[in-house]
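A short worksheet on the structure shown next.
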Amino acid sequence: MPLPPLPIFPLGVVLYPGTALPLHLFEPRYRQLLTDVRAGDSRFGILTAMSGEAERDLPPGRLGCVAEVTEVEMMPDGRSNIVVVGRERFALGQFLESDTPYHVAAVTAVPDQGSLNAVALAVASDDVVQHFTQVVKAVHAINGQTGPVPPLPDDPAQLAWTIAAMIDLDLDARYKLLAERDPAARLTAIDAVLRKAIPELELQAALRKQS
């Protein structure tokens, strides 16, 4: 499904739908982008960059996420701190000719497809929530902290992205999770990451308790 042309910010991060991301804007072209999108619908595209690739050489089909500006802190010198929230995924079509100092591209929406069995997704979600809770409690114990588990969405399609935004993953793993269109496969992938981390974290937590 084609989307309206988007101002594009190629960046070495992954923004997921439904998650927030703070950004510091200092380049003149992105100061202008912020001015322009705030005068419109407050949306632009964060396109995940590729190491060693020039921005305009990013290939068609490269995925990104529509970012909606929700908070802005302007500084006297023109820089700004902003918070964006991820909306829909998009795939790069092509960069367009534009008079703007930033890139503009034709993009298409990338909806989910695949496993939509509600019962299976609910069971997988329960496992992920349980293992995430174990991770959080172990990390709190290691750091000598207390506190609740961060709130998680009820929507199984959103759950893996929300957790991925809070844990340590390399860029390739983050991008693969963004690109995965099957909600069940996303849950399986993030659950594998959590399960792998639990034994070492709980060991560290036990040692911390004994010290």
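The values are calculated or read from the model by the stated rules, or taken from the named source; none is laboratory data. Everything quoted here is computed from the prediction, not taken from an experiment. Methodologically, a virtual Cβ is constructed for each residue, glycine included, from the backbone with ideal geometry; neighbour enumeration extends over all protein chains shown. The area values use the complete protein model at the heavy-atom level, side chains included, leaving out ligands, DNA and RNA. Shrake-Rupley method; radii C 1.70, N 1.55, O 1.52, S 1.80 Å.
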Exercise. What percent do you get for the relative contact order of the stretch 146-196 when only Cα pairs under 8 Å and 6+ apart count?
Worked result: 37 percent
Exercise. Could you give the alpha-carbon Rg of the stretch 59-109 over 2.2 N^0.38 Å, rounded to two decimals?
Worked result: 1.40
Problem set entry | Whole-Å semi-axes of the stretch 121-180's equivalent ellipsoid (Cα gyration tensor) | 21, 16, 9
Exercise. Rg(Cα) of the stretch 169-211 divided by 2.2 N^0.38 Å?
Worked result: 1.55
For this session: Find how much the distance from ARG79 to THR133 grows on full extension, using 0.36 nm per residue of separation minus their present alpha carbon separation; answer in nm with one decimal.
Result: 15.7 nm
Seminar exercise, completed: From DSSP H assignment alone, runs of 4+ in the chain each adding -39500 (n - 2.57), the sum over residues rounded to the nearest 500 puts [θ] at 222 nm at -13000 deg cm²/dmol
Problem set entry | Backbone N under 19 Å from the GLN94 label point (7 Å along Cα→Cβ), restricted to the stretch 1-43 | 1-8
For this session: Taking 7 Å along the Cα-to-C-beta vector as the label spot, tell me the SER42-ARG181 distance in nanometres, rounded to one decimal.
Result: 3.0 nm
Seminar exercise, completed: A correct Karplus calculation of ³J(HN,Hα) over the stretch 39-48, with 6.51 cos²θ - 1.76 cosθ + 1.60, θ = phi - 60°, whole Hz and x for Gly and Pro, returns 7, x, 9, 6, 10, 8, x, 8, 9, 5
For this session: Binning at 5 Å from 0, report for the chain what percent of all alpha-carbon pair distances ends up in each bin.
Result: 1, 7, 14, 16, 16, 14, 12, 9, 6, 3, 1, 0, 0
For this session: Starting from the amide H of ARG62, placed 1.01 Å from N in the peptide plane, find each other amide H under 5 Å away whose residue is 5 or more places distant or on another chain.
Result: LEU92
For this session: Quick one: what are the phi-derived ³J(HN,Hα) couplings along the stretch 62-78, Karplus 6.51/-1.76/1.60 with θ = phi - 60°, whole Hz, x for glycine and proline?
Result: 4, 8, x, 9, 5, 10, 9, 6, 10, 9, 9, 10, 7, 10, x, 8, x
Seminar exercise, completed: the chain, Gaussian network, Cα under 10 Å: of SER125, SER42, SER51, the residue fluctuating most is SER51
Problem set entry | Rounded to the nearest 20 debye, dipole of the chain from Cβ charges on Lys, Arg, Asp, Glu | 340 debye
Problem set entry | Residue-wise HN-Hα coupling along the stretch 173-187, computed from phi with Karplus coefficients 6.51, -1.76, 1.60 (Hz; x: Gly, Pro) | 5, 4, 5, 4, 5, 5, 6, 5, 9, 9, x, 5, 5, 5, 5
Exercise. With every protein chain in place, what's the accessible area of ASP126 (1.4 Å probe, Å², nearest 10)?
Worked result: 100 Å²
Exercise. So which residue, out of VAL119, VAL107, VAL128, gets the largest mean-square fluctuation from a GNM of the chain using Cα contacts under 10 Å as springs?
Worked result: VAL119
Exercise. Where the centroid of each part is defined by its Cα atoms, how far is the stretch 60-76 from the stretch 1-58 in Å?
Worked result: 5 Å
Exercise. Once label points are set 7 Å from the Cα along Cα→Cβ at both ALA106 and ILE198, what is their separation, rounded to one decimal in nm?
Worked result: 4.8 nm
Exercise. In degrees from 0 to 90, rounded to the nearest 10, what is the angle of the helix 28-38 Cα long axis to the longest principal axis of the chain?
Worked result: 80 degrees
Problem set entry | Mean separation of Cα contacts under 8 Å, 6 or more apart, over the residue count of the chain: relative contact order % | 23 percent
For this session: Rank-order 151-158, 84-91, 204-211 by packing density, defined as the average count of other C-beta atoms within 10 Å over each peptide's residues, highest first.
Result: 84-91, 151-158, 204-211
Exercise. What is the mean projected area of the alpha carbon convex hull for the stretch 38-143, to one decimal in square nanometres?
Worked result: 11.6 nm²
